[in-house]
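Data first, discussion second: the structure below is written as C-alpha cells.
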Protein chains: 2
Amino acid sequence: MDGRGTAGLLYLREEEIRLAMELLFYGYRDFTAGPDAILAELDMGRAHHRVLYFVGRHPGITVSELLGILRITKQSLGRVLQPLIAGGYVVQSRGRSDRRQRLLSLTPAGEALERRLFESQRALLARAFRDAGGPAVEGFRKVMLGLLGPEARARLGLRVAAAGAPVAGKVA
Amino acid sequence: MDGRGTAGLLYLREEEIRLAMELLFYGYRDFTAGPDAILAELDMGRAHHRVLYFVGRHPGITVSELLGILRITKQSLGRVLQPLIAGGYVVQSRGRSDRRQRLLSLTPAGEALERRLFESQRALLARAFRDAGGPAVEGFRKVMLGLLGPEARARLGLRVAAAGAPVAGKVA
DNA sequence: GGATTACGTCAGTATCGTTGACATATCAAC
DNA sequence: GTTGATATGTCAACGATACTGACGTAATCC
C-alpha cells in the first residue's frame, strides 16, 4: 500500500468514527428528550428516572447494587431516592437474610410512572427498530456491547447473545 | 393469534426494547469515561469536550450554530467557551460578511487536545467496530439514525447513507 | 432612523454530581 | 459477647452544568 492509499483509508476510518460519535451524542440527546419533558412536570430529573428504571428492573435490589449500576455516591442517590420514597413511588423493606439491607421496589404508582416513561421511549425505539430492520438491530446490539466496560458487558452480554437468537433453533 | 402468543411476543419485544435502553445507558456512560479522565486533569468537563469537538468539526462555526448543535443557552456556552479561549484552545474571529458574528476555530493547542480526546474514544470505537464486523456497524448506524430527531437526522442522514456504501459501486 | 439580529454578561436558581466526616444497625468471627 | 467489618443514612460544603430573565453593544436590514 502506498502513502496516498493509506492516508485515504485512515481518513475514511476517522470519518466513520466521528460519525459514530455524533450518532451517539445526538441519539442520546434525542432519546432522553421524551422522559425529560414528562419528568419536568413532576419536578423530577433524569436521575429519578434512572432510579425508577433500575428498581423496576430489579425489584428488591439493594442500595449497594443500585449504586454500582448508577456509578454515583450514596449521597447523590439519597437526594433522589428520598423524594421518590416520600412521593410514594419506591418502598424500602429490610432484607430477610441480612437485615442491614434496604431492599428497594416500586409501588404501583412507581410502576405506573416508570411505565409512562418507558412507553415514551419505547415508541421511539420501536420505530427505529422497525425502520432499520432485524439484522440492523442485531448489529446495533453487537456494536453497543463492544462499547461497554467489563462490568456492564458481564451484566448484559448474555442477554445480547440471547436476543441474537430469539427463536429456538435459529442460527446464531 | 391467541392471547398467549401475543403476550409472549409483547414480552419479548419489551425485553428487546429494555435491552437497547440499557445498552444505550451503559454504552454512553462507558464511552465518555476516557475523555472524562483526561479532562479532569485539565479542570475541564464534558461540556468543554463538546465545544472542542464541534468547533474542530466545523472550523469557523458561529456561536448561534454551535448553540443549535449543543442545545444549550448562550450563558451556558459562555461559561465553557470563555475558559477555552483564555486557555488558548479556541480563537474567535469576526465574520467577514457579517461582522456581528464571532467565528470559532481551534488553535493548534485546541486541535492537539481535541485529538487526544478523540484518540481515546477512537480506540474504544475501533475495537467495537472490528469485533462486531462491517454489517453490524451498518446496522448500528441505521438504528442510531432512527433515534435522532429531524434536525439531527438532517445533519447526519447523508453521511450515514454515504457510509453505507463506502466504496464506489458497492451495493447499497 | 428604527427594528432586528448576533453576541456578551450579570444575577439568581436548580439538578446532579463530588468529598469528607460521622452515626446506627447488623453481621460475622474469634 | 466484644470486636471489626459491612450496609445504610445523613450533615455540610463544594463544583459542574444547565436554566431564566434582564440588559447592553455592535452591526445589519429595511
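Things to note:
- Candidates A:123, A:162, A:112, A:128: the one that is away from DNA strand C (no atom under 16 Å from the Cβ), at negative phi and buried (at least 21 other Cβ atoms within 10 Å of the Cβ) is A:128.
- Only residues that are without any contact (Cβ under 8 Å) to a residue 40 or more places away in the chain and either surrounded by fewer than 18 Cβ atoms within 10 Å (Cβ to Cβ) or more than 16 Å from DNA strand D (Cβ to nearest atom) (or both) were counted across the range A:84-109, and they come to 17.
- Residue match in the range A:133-144 (condition: within 16 Å of DNA strand D (Cβ to nearest atom), β-branched (Val, Ile, Thr) and at pLDDT 95 or above): no
- Tally, over the range A:111-128, of residues that are under 20 Å from residue A:57 (Cβ atoms) and either among the basic types (Lys, Arg) or more than 7 Å from every other protein chain (Cβ to nearest Cβ) (or both): 12
Listed here are the residues, each with its yes/no results for (1) more than 7 Å from chain B (Cβ to nearest Cβ); (2) over 24 Å from residue A:84 (Cβ atoms); (3) surrounded by 13 or more Cβ atoms within 10 Å (Cβ to Cβ); (4) among the β-branched types (Val, Ile, Thr).
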{"residue": "A:133", "(1), (2), (3), (4)": "yes, yes, yes, no"}
{"residue": "A:137", "(1), (2), (3), (4)": "no, yes, yes, yes"}
{"residue": "A:147", "(1), (2), (3), (4)": "no, yes, yes, no"}
{"residue": "A:155", "(1), (2), (3), (4)": "yes, no, yes, no"}
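- Applying the criterion of being outside any helix (DSSP H, G or I) and at the interface with chain B (Cβ under 10 Å from one of its Cβ atoms) to the residues of the range A:20-78, the residue that is nearest to DNA strand C (Cβ to nearest atom) is A:71.
The values are calculated or read from the model by the stated rules, or taken from the named source; none is laboratory data. The model shown is predicted, which means the values in this text are computed figures rather than measured ones. All Cβ positions, glycine included, derive from the backbone under ideal geometry; neighbour counts span all protein chains shown.
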